[in-house]
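In what follows, a single structure is set out as C-alpha cells and then discussed.
The values are calculated or read from the model by the stated rules, or taken from the named source; none is laboratory data. For clarity, every value in this text was computed on a predicted model and none was experimentally measured. Methodologically, a virtual Cβ is constructed for each residue, glycine included, from the backbone with ideal geometry; neighbour enumeration extends over all protein chains shown. Quick note on the areas: whole protein, heavy atoms, side chains included, nothing else; ligands and nucleic acids left out. Shrake-Rupley method; radii C 1.70, N 1.55, O 1.52, S 1.80 Å.
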Amino acid sequence: MTNMTPGTASEKKLTKAIQAAIGAAQDGILGPASAVDLAVAVGAKCWPLTIKLYNMPVVVCEDIVISNPGKGCGSFKNSLSGSFSYQKKPCSILVNNGKTICGSACHAWLGQPESVLYRLNNGKFGVKRCKAASELPSGVKWAVGGLGLLDMYDPAVEGFTGKYSDVLRKTNHTVLGVKNAMVYLIYAKSMTGTQVNSLVKDKLKLDMAIMLDGGHVAAINGEESFAKINTGQAQYYMIQGV
C-alpha cells in the first residue's frame with residue numbers, strides 16, 4: 001500500500017483532521033494504519049484482516065478464540081503464539097469461554113502480578129494488573145496474561161527484572177492489543193521491550209495491550225506471505241483471530 005503524503009498545507013490539515021477523527025496517529029500520512037482505523041470507523045466488513053503496519057505483520061480481528069494445540073500456528077488461520085508457558089502448559093493467567101485454564105500470574109509465586117487483557121461476555125474490553133484470575137471482574141469471556149504495555153509498562157512491578165529480564169531483550173515479540181473495540185495480533189520483529197511499547201503506544205495508538213512470550217516461540221500465521229513466520233513451532237497455547 002502506497003502512503004498518501006499531503007503536498008500542501010491545506011492537504012496536511014485535511015489529513016491530520018481525518019486521522020484525529022478516526023483515532024489514528026496524526027502524522028499527516030495516510031497509510032495502512034490509518035486505513036484500518038478508517039475501515040473500523042465506517043463499519044467496513046473485512047475482518048479478520050492481515051496487514052503490515054509499520055513493517056510489522058498484524059492480524060486485525062473482531063474477537064479471538066484460544067486453543068491449546070500442541071502444534072504450530074500453521075494449522076490455524078489468523079493465529080498468534082500465546083503467552084508464557086512452562087512444561088508444555090500455560091503459566092500465566094488464561095481464561096477461555098469463561099473457563100479458567102491457568103489461574104495464576106507467571107510471577108505470582110514471587111508475590112508479583114501481571115497485566116491481564118480480558119473481554120467480558122457483554123463485549124467490553126479491559127486490562128487489569130493482578131496475581132490471580134479470581135481478581136478479574138465477573139462475566140469474563142476470555143482473559144490473557146502477559147507483560148503490561150502502554151501506561152502499564154512497568155516490568156519491575158511485574159517481576160521482569162534480574163534473571164527474568166530476558167523477556168525484555170531485543171528479539172521477536174508478540175503482542176495482544178485492542179483499539180476501537182478491535183483486537184490486534186502483532187508480531188514485533190527484532191525489538192526490545194521498550195521498543196515494543198513505543199510501537200503500540202506512539203505509532204499504533206492502541207487503547208490497551210500486553211506483550212506475550214517471544215524469542216524462539218514467537219509465531220504468526222496470517223493470510224499473507226509476510227505474516228507466515230515460525231508457523232511450525234509447537235505452541236502450548238495459541239490465540240486465533242475471528
State all residues of region 128-167 that are in contact with a Ser or Thr (Cβ under 7 Å, 6 or more places away or on another chain) and within 21 Å of Pro57 (Cβ to Cβ); if no residue qualifies, say none. Val144, Gly146, Leu147
Can you tell me which residue in region 148-171 is modelled with the lowest pLDDT, limited to those that are farther than 16 Å from Gly215 by Cβ and outside any loop (DSSP other than H, G, I, E, B)? Gly162
Which is open to solvent by 40 Å² or more (accessible area, probe 1.4 Å) and in a strand (DSSP E or B), of Ser190, Ser138? Ser190
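A quick yes/no check of all residues on (1) closer than 20 Å to Ser225 by Cβ; (2) touching a strand residue (DSSP E or B) at 6+ places or on another chain (Cβ under 8 Å); (3) open to solvent by 20 Å² or more (accessible area, probe 1.4 Å); (4) polar (S, T, N, Q):
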| residue | (1), (2), (3), (4) |
| --- | --- |
| Gln26 | no, no, yes, yes |
| Ser34 | no, no, no, yes |
| Leu38 | no, no, yes, no |
| Ile51 | yes, yes, yes, no |
| Val59 | yes, yes, no, no |
| Ser79 | yes, yes, no, yes |
| Ser83 | no, yes, no, yes |
Unique residue being in contact (Cβ under 8 Å) with a residue 60 or more places away in the chain, among the hydroxyl-bearing types (Ser, Thr, Tyr) and on the phi < 0 side of the Ramachandran plot when the list is Thr161, Thr174, Thr192: Thr174
Residue hits (region 85-106; open to solvent by less than 20 Å² (accessible area, probe 1.4 Å) and in contact with a helix residue (DSSP H, G or I) (Cβ under 7 Å, 6 or more places away or on another chain)) are Ile93, Val95
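I'd like to know if region 40-47 contains one or more residues that are surrounded by fewer than 14 Cβ atoms within 10 Å (Cβ to Cβ) and under 19 Å from His216 (Cα atoms).
Among the residues of region 40-47, not one is surrounded by fewer than 14 Cβ atoms within 10 Å (Cβ to Cβ) and under 19 Å from His216 (Cα atoms), which makes the answer no.
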